[in-house]
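To start, the structure under review is shown below, and the notes come after it.
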Amino acid sequence: MQIGVVGTGYVGLVVGACLAENGNFVVCVDSDKGKVERLRKGEIPIYEPGLNELVPRNVAEDRLRFTTDLEEAVRSSEVLFIAVGTPENEDGSADLKHVLEVARGIGQAMNGPKILVNKSTVPVGTAARVREVVSSITKHPFAVVSNPEFLKEGTAVDDFLKPDRVVIGTDDPKVEAVMRKLYEPFVRTGKPILVMDPASAELTKYAANAMLASRISFMNEIANYCDRVGADVRQVRLGMGTDSRIGSSFLFPGVGYGGSCFPKDVKALIRMGEAAGVALPVVEATERTNVAQKASLVPRIAAHLGGLQGKRIAIWGLAFKPRTDDMREAPAIAVIEGLLKGGAEVRAYDPKAEPQARREFGDRVMLCSRAYEAVAGADALVVVTEWNEFREPDFAKIRSMMRHAAVFDGRNIYDPKLLRDLGFHYEGIGRR
């Protein structure tokens with residue numbers, strides 16, 4: 001099948017590479033000439049495991065190419081995926097200007113029947129708005145499909161190639177058949193292709209992310225209560241997670257969630273509810289709890305050290321989660337800003353996010369090239385992202401390098417008793 005993908009960010013690049021890997025001929029469009037040139041050379045502008053293999057291989061096989069020419073891509077494609085950003089407006093709502101600009105460009109370039117697929121996370125009613133924009137420009141027949149992505153950064157390639165489910169929002173049986181043909185090779189293990197109306201498909205993505213975010217915020221509230229009463233949230237989590245009605249996923253407390261999806265989508269869902277005159281208090285509480293959780297660690301560090309002025313704090317982990325370089329809404333930003341505001345010196349290390357951190361903090365933070373370099377002379381070590389390389393460090397070496405042996409474990413990856421036996425002051429999130 002001839003496929004066009006507009007946008008080469010996390011979603012668009014993964015979608016294009018994975019569809020090409022399955023034998024389709026894919027052209028990816030981006031307005032950033034520099035990015036397109038790098039992609040043509042096989043240089044991947046983001047860190048996402050698997051793309052370094054998929055993109056060069058499919059470019060070499062002539063199944064994947066990159067261009068800045070939207071018109072050419074539209075004319076050569078049967079199905080066009082819109083995978084551009086929907087940034088957050090000041091009030092938290094989703095900004096659809098890029099989606100609608102692409103829709104106009106597609107409408108102006110159409111040379112025959114096309115299927116337009118909204119892959120971007122968009123509010124309920126966006127398919128109708130795209131249809132209205134395109135129909136005002138062209139007389140060619142077309143259809144608009146809502147096909148939300150459920151990709152997790154760090155495992156996005158695997159998520160696309162082996163999805164839990166595929167959601168297709170369309171009322172047209174012929175369009176449904178085309179979309180099923182496109183996705184059936186990815187669900188041979190029996191995972192479902194769910195066909196529904198476009199509005200329901202659009203809402204499914206927001207509802208799923210809000211549910212997952214609410215589980216995280218709920219467990220963070222339980223962890224904070226554990227801290228107060230002397231319970232151990234790890235044991236509570238195990239007791240909860242073994243209940244088949246609850247399950248164990250997304251029950252890990254920490255310093256809050258971040259990234260390009262959960263924070264943005266939760267706030268957008270709240271605004272969507274307000275616009276429809278529907279209160280969503282559980283979703284609102286999820287957001288409030290997350291904001292508070294990101295700010296919860298700094299006062300504990302200050303209390304233990306007797307203030308932050310003149311203290312040196314080591315940070316391990318800057319990306320919002322492991323296996324990505326994405327720092328959008330990362331908890332590390334809130335933690336570091338709080339430390340700096342208190343007068344601390346911050347030395348930080350992350351395996352992949354240093355370039356993003358340099359743009360975020362400039363010279364206000366010393367970015368280290370090795371994990372142990374960050375702890376030299378530190379008064380406290382704060383673990384914010386649970387990269388694998390942080391799980392089994394040489395604690396004796398760390399203790400010998402630190403000015404004051406204190407560990408604040410924002411992801412509960414260490415054994416409290418072990419660290420205390422080694423002479424560390426240890427504080428986790430809800431750990432006794």
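The values are calculated or read from the model by the stated rules, or taken from the named source; none is laboratory data. These numbers were taken from a predicted model, which means no experiment stands behind them. We place every Cβ from the backbone using ideal geometry, glycine too, and count neighbours over all the protein chains shown. Heads up: the accessible areas ignore ligands, DNA and RNA and are worked out on the full protein's heavy atoms, side chains in. Shrake-Rupley method; radii C 1.70, N 1.55, O 1.52, S 1.80 Å.
Things to note:
- When region 255-310 is filtered for residues that are closer than 20 Å to Asp91 by Cα, in a helix (DSSP H, G or I), more than 21 Å from the chain's Cα centre (by Cα) and of a type in the set (A, V, I, L, M), the ones remaining, listed by number, are Ala275, Ala276, Val282.
- Failed condition for Ile429, given (1) among the aliphatic types (A, V, I, L, M); (2) open to solvent by 60 Å² or more (accessible area, probe 1.4 Å); (3) under 27 Å from Gln309 (Cα atoms): (2)
- Flag for Gly169 being of a type outside the set (Ser, Thr, Tyr) and open to solvent by less than 10 Å² (accessible area, probe 1.4 Å): yes
- Selection of region 54-77 for residues being charged (D, E, K, R) and exposed (fewer than 13 other Cβ atoms within 10 Å of the Cβ) yields Glu61, Asp62.
- Every listed requirement among (1) within 30 Å of Ile3 (Cα to Cα); (2) assigned to a helix (DSSP H, G or I) is met by Leu194 save one, (2).
- The set of residues in region 351-387 that are surrounded by fewer than 19 Cβ atoms within 10 Å (Cβ to Cβ) and of a type in the set (A, V, I, L, M) comprises Met366, Ala376.
- Screening Asp243 on (1) outside any helix (DSSP H, G or I); (2) open to solvent by less than 20 Å² (accessible area, probe 1.4 Å); (3) among the acidic types (Asp, Glu) shows it passes everything except condition (2).
- Restricting attention to region 388-402, the residues being in contact (Cβ under 8 Å) with a residue 24 or more places away in the chain, open to solvent by 30 Å² or more (accessible area, probe 1.4 Å) and closer than 16 Å to Leu422 by Cβ number 4.
Here's the yes/no breakdown for (1) touching an Asp or Glu at 6+ places or on another chain (Cβ under 7 Å); (2) without any contact (Cβ under 8 Å) to a residue 24 or more places away in the chain:
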| site | (1), (2) |
| --- | --- |
| Val335 | no, no |
| Leu340 | no, no |
| Ala348 | no, no |
| Pro351 | yes, no |
| Phe361 | no, no |
| Glu373 | no, no |
| Lys417 | no, yes |
| Asp421 | no, yes |
| Arg432 | yes, no |
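- Lone qualifier among Ala295, Ala302, Ala268 - being within 30 Å of Gly377 (Cβ to Cβ) and open to solvent by less than 30 Å² (accessible area, probe 1.4 Å): Ala302
- Of the residues making up region 177-224, just one is of a type in the set (Val, Ile, Thr), under 23 Å from the mean Cα position of the chain (by Cα) and under 16 Å from Val282 (Cα atoms), namely Ile216.
- Annotation note: of Gly254, Gly230, the sole residue that is open to solvent by 10 Å² or more (accessible area, probe 1.4 Å) and touching a residue at least 24 places away in the same chain (Cβ under 8 Å) is Gly230.
- Among the residues making up region 290-304, a single one is touching a Phe, Trp or Tyr at 6+ places or on another chain (Cβ under 8 Å) and among the polar types (S, T, N, Q): Asn290.
- Residue count for region 316-365, restricted to those that are within 21 Å of the chain's Cα centre (by Cα), within 19 Å of Phe390 (Cα to Cα) and of a type in the set (Gly, Ala, Ser): 6.
- Residues that are open to solvent by less than 70 Å² (accessible area, probe 1.4 Å), of a type in the set (D, E, K, R) and either closer than 25 Å to Asp409 by Cα or without any contact (Cβ under 8 Å) to a residue 40 or more places away in the chain (or both), drawn from region 271-292: Glu284, Glu287
- The single residue among Phe186, Phe150 that is in contact (Cβ under 8 Å) with a residue 60 or more places away in the chain, in contact with a helix residue (DSSP H, G or I) (Cβ under 8 Å, 6 or more places away or on another chain), open to solvent by 10 Å² or more (accessible area, probe 1.4 Å) and of a type in the set (Phe, Trp, Tyr) turns out to be Phe186.
- Residue within region 305-315 that is touching a Phe, Trp or Tyr at 6+ places or on another chain (Cβ under 6 Å), touching a residue at least 60 places away in the same chain (Cβ under 8 Å) and within 15 Å of Gly410 (Cβ to Cβ) present: no
- In region 153-164, of all residues being surrounded by 14 or more Cβ atoms within 10 Å (Cβ to Cβ) and not in a helix (DSSP H, G or I), the one that is nearest to the chain's Cα centre (by Cα) corresponds to Glu153.
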